[in-house]
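A.B. asks: Got a structure for you, questions after.
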Amino acid sequence: MASRKDYTYQIKGNKLSLLERDQTSGTGLNYVYAGTDGDGVMDGTTSGSISLTSPIESVIEGIEIEYAYSPSYIIPPKDYSTTTHGLVGWTVVDGYLTFIGYNLNWTTTTIAANEHIYVGDSSRWSGVHKVQEVQAGTGSHGGIKTYTKVSSPAGLYVTDTSVTWNAAATNTITGLLVAGAPFSDSFGSGAEYLSISGGSSAAKTQIGLFSGWVCSGVSTTLDLSNATQYTVDDATYGTTSAALAGDTTQAIYIRQGYYDNAYVISDVDVLSDESDDIDVPPYLSKALVYYVKAKVAEDAMNIEAKEYMMREFRKMVEKHESSKIAGSRGVMTGPHSIR
C-alpha cells in the first residue's frame, strides 16, 4: 500500500514554493503539525512529530502546478554571438554591484548604460539589473557597474596611480603603495579573490579575477607568479595561469572579488511606457477593454453604459478564473426543458 503524502504551498510576493508534510524526521521549517490538531498547522513551536519541509522525495508525474504570472520584463533568447556573455564573478564598486568578465570589451557589445540586463545561473544575483556604467578592462573597474546596491560585503579596495606592470616573465606588479603604506597593510592575504583592472594594455592576461596571489609582510610587490586567472569564452568557463602584459607606469585598481559562474543577457525589454506589450491572458485582455470603456462612460456621466461595461468586465474575469479550474464540466437542464 502506498504511503500517504501530503503537500501544501506558500506564496511570498511572486514566489511560490511547494512543501511536503514530513511525517518521519520531524524536522522542517519550524511549522509543526500535531495529529491532535486535525489539519491545522501550529506556528512558532518545535514540538510534535510532523513538520513542513521541502519535498523529501521525488514523485514522478505525480505533482502538477499551474501558476499564472505576468512578467514585467521580457528576456531575449541566449545568443553568445551577440547579446549573451559569460561572467566569472562580481565585485563592489562605490557600493554598487559590478559584474566581472574575462576582460571582455563591454563597450563594443550591445551592453550600454541605463539599459537593463538579465543575469542567470548566479549563486546570488540572478535577475534583472539596470546598468549604471560599462567599462573595458583598462577602466577603474573594468566591468558592468549596476544600480543594485550592496550593503554587505562592502569589499576591500585599493588603488595606486604609479605602479609598474611587469611582463609575464616576472609576473608582478611593483611599487604598490596605498597612502604611503605597503599594499599588504591594506589588503593582506585574507581575500581569496582579487578583481584587478587598470593599466593601458587591454590584453586579457592583464585584467580580471585572480586567486593564489601573494603579497606578504611589508612587500610592495603583488606577485601573481603562481596565481590562477578565471576565464570565460562564450559559455565555457575555465582557469589559466596568470600572465601579465608588460606596461609602463600606470594606474591599478584592486578590489575584493567573488567568483561566480554566470552569464549576462543584454537588450532586456522592461515594462516602462505605453509602447510596451503587457503579457496577459486572453480573457483578462478583454476584461481590460470593458473596464476602460466603463471608466470612459463614467466620465461622460453615462451611468447605464458604465454599469453594462462593468457587468461584462466581471463576466470576463469570472471566465478567466473558471478556466483555471480543472475537471469535467456539465450544463444543467432548465426546469421547463424536455427530459
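A.B. asks: Against the definition (closer than 25 Å to Gly246 by Cα, out of contact with any His (no Cβ under 6 Å at 6 or more places or on another chain), modelled with pLDDT under 85 and β-branched (Val, Ile, Thr)), how does Thr205 come out, yes or no?
C.D. replies: Judged against the criteria, Thr205 is a match.
A.B. asks: Can you name every residue in region 144-161 that is of a type in the set (S, T, N, Q) and either outside any strand (DSSP E or B) or at pLDDT below 85 (or both)?
C.D. replies: Hits for region 144-161 are Ser151, Ser152, Thr159, Thr161.
A.B. asks: So the check is Cβ under 7 Å with 6+ separation or different chains; which pairs have a first residue in region 120-141 that's on the phi > 0 side of the Ramachandran plot and a second one that's hydrophobic (A, V, I, L, M, F, W, C)?
C.D. replies: Asp121/Ala262; Gly127/Val119
A.B. asks: Out of the residues in region 85-137 that are among the aromatic types (Phe, Trp, Tyr) and at pLDDT below 90, which is farthest from Gly208 (Cα to Cα)? Explain how you work it out, then say what you get.
C.D. replies: In the first step, residues of region 85-137 are kept if they are among the aromatic types (Phe, Trp, Tyr); the result is 90, 96, 99, 102, 106, 118, 125.
Checking which are at pLDDT below 90 leaves us with 102, 106.
Working: Tyr102: 5, Trp106: 13 Å.
Only one residue tops the list, namely Trp106.
A.B. asks: Can you tell me which residues in region 177-197 are modelled with pLDDT under 85 and under 35 Å from the mean Cα position of the chain (by Cα)?
C.D. replies: Taking region 177-197 as the starting set, the residues that turn out to be modelled with pLDDT under 85 are 177-192.
Hits for region 177-197 are Val178, Phe183, Ser184, Asp185, Ser186, Phe187, Gly188, Ser189, Gly190, Ala191, Glu192.
A.B. asks: I'd like to verify a number: residues in region 260-317 that are of a type in the set (A, V, I, L, M) and either touching a His at 6+ places or on another chain (Cβ under 9 Å) or under 24 Å from Ser126 (Cβ atoms) (or both), how many?
C.D. replies: Initial filter on region 260-317 (of a type in the set (A, V, I, L, M)): 262, 264-265, 268, 270-271, 278, 280, 284, 287-289, 292, 294, 296-297, 300-301, 303, 305, 309-310, 316-317.
Next, only the ones that are either touching a His at 6+ places or on another chain (Cβ under 9 Å) or under 24 Å from Ser126 (Cβ atoms) (or both) stay: 262, 264-265, 268, 270-271, 278, 284, 287.
Looking only at that region, the number is 9.
The values are calculated or read from the model by the stated rules, or taken from the named source; none is laboratory data. Everything numeric here is computed off the predicted structure, so don't read it as measured data. Reconstructed Cβ throughout: ideal geometry from the backbone, glycine too, with neighbour counts over all protein chains shown.
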